[in-house]
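In what follows, a structure is listed as structure tokens, so that the remarks can point back to it.
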Amino acid sequence: QVQLVESGGGLVQPGGSLRLTCTASGDISSINAMGWYRQAPGKERELVAAITPGINTNYADSVVGRFTVSRDNAKNTMYLQMNSLKPEDTAVYYCNADVALIATMTWRNYWGQGTQVTVSS
């Protein structure tokens, strides 16, 4: 199976920065689109940023200019650099990816378990 593991979350003051990392492991053939989602308590999960293997990116309007998504295809890793953090960025951040396993060579969608980001003074 595929495992997506997020790291880098924590508590930060408003205006601060965090860098999230998502690493995919398993018998992976390739990874197509990857994305960061977040879910705040009582709210729906929403797309934060997405990135293709060709490094085409899309961002939620609320994070444009503050967040940067990137990936290292050789490491099966995606990053989210979060700057100028606001209290409304507080959420559990989840990694999502379309992954093809060597055994199947077919695309499947996977979720990580999430990492907590709390922005508070």
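Given the structure, is Thr118 more than 11 Å from the chain's Cα centre (by Cα) and surrounded by 13 or more Cβ atoms within 10 Å (Cβ to Cβ)? It would help to see each step written out before you state the result.
Values: more than 11 Å from the chain's Cα centre (by Cα): yes; surrounded by 13 or more Cβ atoms within 10 Å (Cβ to Cβ): yes.
The answer is yes for Thr118.
The set of residues in the stretch 93-121 being assigned to a strand (DSSP E or B) and among the hydrophobic types (A, V, I, L, M, F, W, C) consists of Cys95, Ala97, Val99, Ala100, Leu101, Trp107, Trp111, Val117, Val119. Which count do you get for residues in the stretch 40-92 that are farther than 14 Å from Val117 by Cα, assigned to a helix (DSSP H, G or I) and open to solvent by less than 40 Å² (accessible area, probe 1.4 Å)? Selection size over the stretch 40-92: 1. Pull up the stretch 6-39, narrow it to residues that are aliphatic (A, V, I, L, M) and surrounded by 14 or more Cβ atoms within 10 Å (Cβ to Cβ), then point me to the one that is farthest from Asn96 (Cα to Cα). Only one residue tops the list, namely Val12. Taken over the stretch 101-121, residues that are in contact with a Pro (Cβ under 8 Å, 6 or more places away or on another chain) and either at pLDDT 95 or above or of a type in the set (Lys, Arg) (or both) amount to 2. Against the condition more than 19 Å from Ser7 (Cβ to Cβ), of a type outside the set (Phe, Trp, Tyr), at pLDDT 95 or above and not in a strand (DSSP E or B), how does Ser30 come out, does it pass? Against the criterion (more than 19 Å from Ser7 (Cβ to Cβ), of a type outside the set (Phe, Trp, Tyr), at pLDDT 95 or above and not in a strand (DSSP E or B)), Ser30 does not qualify. Selection of the stretch 93-115 for residues being surrounded by 16 or more Cβ atoms within 10 Å (Cβ to Cβ) and on the phi > 0 side of the Ramachandran plot yields only Gly114.
The values are calculated or read from the model by the stated rules, or taken from the named source; none is laboratory data. Owing to the predicted nature of the structure, the values given are computational and were not obtained by experimental measurement. Here the Cβ is made from the backbone with ideal geometry for all residues, glycine too, and neighbour counts use every protein chain on show. All accessible areas refer to the heavy atoms of the entire protein, side chains included, with ligands and DNA or RNA removed. Shrake-Rupley method; radii C 1.70, N 1.55, O 1.52, S 1.80 Å.
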